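The values are calculated or read from the model by the stated rules, or taken from the named source; none is laboratory data. Because the structure is predicted, anything quoted here is derived from the model rather than measured. Using ideal geometry, Cβ is built from the backbone for each residue, glycine included, and neighbour counts are taken over all protein chains shown.
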Amino acid sequence: MNQINTMELTSSQKDIGTAVELLRRGCIVGFPTETVYGLAADATNPKAVRRIFAAKGRPSSNPLIVHLADIENASDHVELGYVARMLGEHFWPGPLTLVLPAKPSTTVCREATAGAPTLAVRIPAHDVALELIGCLGRPIVAPSANISGRVSPTCASHVRLDLGGRIDAVIDGNSCPHGLESTIVEIIGDGVAVLRDGAIPRTQLASVAGTLLRNPLRPAAAPGQLASHYAPSTRLRLDASTGQHGEVWLGFGSEATGADFNLSELADINEAAHNFYGMLRAADQKAASKSYQIIAISVIPQTGLGRAINDRLRRAAHDNAAL
Ligand code: AMP
Ligand code: MG
């Protein structure tokens, strides 16, 4: 892939205007959301969408999430039944992605959905993201702005490191409030099936979906949920009680005294989620600089966002499970 000059933009009105102009011309732009940094393209432009797959090295069989301005805008593209509308009205704008039947009239191109009859849609709760979509006046596809399979980006410098020279611009809008990807659910019949744990914990979903949140009628499998994903270069040792000599230790809670990094000294799982990807990247860098082979990671409780963090850790450690 030829190197291109990646413009550095701020979240000023003028720079967002520049980003919108770039998107209109089929360019691809990194931008902040409340989950992680996304890589945006005009969802109606097949050439632009193909550039996203190429820049990330993402398999073309892995469909993209479509980001929209509001719930009425969503209903232009997907069949919003009663359950979807209830969830959307409660959680949008916010980090919930709904997989729904695509309307035949949708302008989202086939490249974005990998040919699936469904569309994954959400409305991001971030001013920059909403302004981009609103000013463009078209849906935006946005996977995370990192090399496919590697650690997700939660600030603009992560995007520049991973994709600088491969994308047209990145908007710096500070660090992402949640720090974890959206929760993805599919509505199957009247049932709500979680395809990917994420920034909305199951307890919050259950408080709205109630008994609808149950085992799906058929096993729900999301395309592209790969066994190995979110991986740093250094091998991981999970559920570590302490870091050993020659390891970088990523701790959690007040007992992790002496840890190189602590996701949350107060054992606050939301703070841990916010810090997770940034500290995983920092631990990876520290391991490389000291020629250490392993990052040891403390036990993360399975409560609240802990479930999503543990899902990412298991996938990140997939290729070194034998440790
Ligand atoms: P990300 O890679 O974080 O952008 O998340 C995209 C994920 O959303 C994909 O890997 C799929 O698992 C899921 N997804 C997107 N579109 C669909 C769809 N039409 N049906 C089922 N899952 C989808
Ligand atoms: Mg991703």
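Across the stretch 169-178, what is the total count of residues that are of a type outside the set (D, E, K, R), in a loop (DSSP other than H, G, I, E, B) and away from ligand 2 (no atom under 13 Å from the Cβ)? First the steps, then the outcome.
So in the stretch 169-178, the residues of a type outside the set (D, E, K, R) come out as 169-171, 173-178.
If we keep only those that are in a loop (DSSP other than H, G, I, E, B) too, we end up with 173-178.
Filter again for away from ligand 2 (no atom under 13 Å from the Cβ), leaving 173-175, 177-178.
The qualifying residues number 5.
Determine, yes or no, whether V185 is within 18 Å of S75 (Cα to Cα) and either of a type in the set (S, T, N, Q) or assigned to a loop (DSSP other than H, G, I, E, B) (or both).
Working: within 18 Å of S75 (Cα to Cα): yes; either of a type in the set (S, T, N, Q) or assigned to a loop (DSSP other than H, G, I, E, B) (or both): no.
Taking the combined requirement at face value, the residue does not satisfy it.
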**Report entry** Test: M7 is more than 18 Å from P143 (Cβ to Cβ), touching a Ser or Thr at 6+ places or on another chain (Cβ under 8 Å) and in contact (Cβ under 8 Å) with a residue 24 or more places away in the chain
**Finding:** yes
Query raised in the report: For the stretch 174-196, which residues satisfy the criterion of being touching an Asp or Glu at 6+ places or on another chain (Cβ under 8 Å) and modelled with pLDDT of 95 or more?
Result: C176, P177, H178, T183
Report summary line: Matching residues in the stretch 14-49 (touching a residue at least 60 places away in the same chain (Cβ under 8 Å), more than 22 Å from A102 (Cβ to Cβ) and surrounded by fewer than 24 Cβ atoms within 10 Å (Cβ to Cβ)) number 9
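Yes or no, residue by residue, for (1) under 27 Å from D168 (Cβ atoms); (2) within 13 Å of ligand 1 (Cβ to nearest atom); (3) among the hydroxyl-bearing types (S, T, Y):
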residue: G38; (1), (2), (3): yes, yes, no
residue: R50; (1), (2), (3): yes, no, no
residue: H67; (1), (2), (3): yes, yes, no
residue: I71; (1), (2), (3): no, no, no
residue: V78; (1), (2), (3): no, yes, no
residue: G88; (1), (2), (3): no, no, no
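Please work out which residue is surrounded by the most Cβ atoms within 10 Å (Cβ to Cβ), limiting yourself to the stretch 164-192 and to residues that are away from ligand 1 (no atom under 12 Å from the Cβ) and among the charged types (D, E, K, R).
Going through the stretch 164-192, the residues away from ligand 1 (no atom under 12 Å from the Cβ) turn out to be 164-179, 189-192.
In the following step, the residues that additionally are among the charged types (D, E, K, R) were identified as 166, 168, 172, 190.
Working: R166: 19, D168: 21, D172: 19, D190: 13.
Ranking the candidates gives D168 first.
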Requested in this report: Output the residue which, of all residues in the stretch 280-323 that are out of contact with any Phe, Trp or Tyr (no Cβ under 7 Å at 6 or more places or on another chain) and among the charged types (D, E, K, R), is nearest to A199 (Cα to Cα).
Outcome: R307
Query raised in the report: Could you say whether any residue in the stretch 55-69 is within 20 Å of A193 (Cβ to Cβ), away from ligand 2 (no atom under 16 Å from the Cβ) and of a type in the set (A, V, I, L, M, F, W, C)?
Result: no
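Looking at K56, is it basic (K, R), within 18 Å of the chain's Cα centre (by Cα) and either under 21 Å from L161 (Cα atoms) or modelled with pLDDT of 95 or more (or both)?
Yes; evaluated as a whole, the condition is true for this residue.
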Query - Residue list for the stretch 84-124, restricted to those being in contact with an Asp or Glu (Cβ under 9 Å, 6 or more places away or on another chain) and surrounded by fewer than 18 Cβ atoms within 10 Å (Cβ to Cβ) - result: P101, K103, S105, T107, T118
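Just to be sure before I move on: is S291 crowded, with 16+ Cβ neighbours inside 10 Å and of a type in the set (S, T, Y) in the structure I sent? Working first, answer last.
Numbers: crowded, with 16+ Cβ neighbours inside 10 Å: no; of a type in the set (S, T, Y): yes.
Here the answer is no, as S291 does not meet what is asked.
Is there a residue being at pLDDT 95 or above and more than 16 Å from ligand 1 (Cβ to nearest atom) anywhere in the stretch 227-234? If you could, list the steps in order and put the result at the bottom.
Step one: list which residues in the stretch 227-234 are at pLDDT 95 or above, which gives 234.
Pick out the ones that are also more than 16 Å from ligand 1 (Cβ to nearest atom) and you get 234.
Yes, there is a match, as at least one residue in the stretch 227-234 is at pLDDT 95 or above and more than 16 Å from ligand 1 (Cβ to nearest atom).
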Query raised in the report: Given the stretch 50-157, what helices (runs of 4 or more DSSP H) lie entirely inside it while holding 3 or more residues that are under 17 Å from I184 (Cβ atoms) and in contact (Cβ under 8 Å) with a residue 24 or more places away in the chain?
Result: 82-91
Report summary line: Counting only residues in the stretch 139-163 that are surrounded by 18 or more Cβ atoms within 10 Å (Cβ to Cβ) and more than 19 Å from M279 (Cβ to Cβ), the one nearest to the chain's Cα centre (by Cα) is identified as P143
Query raised in the report: Considering the stretch 158-168 alone, what residues qualify as being away from ligand 2 (no atom under 16 Å from the Cβ) and not in a helix (DSSP H, G or I)?
Result: G164, G165, D168
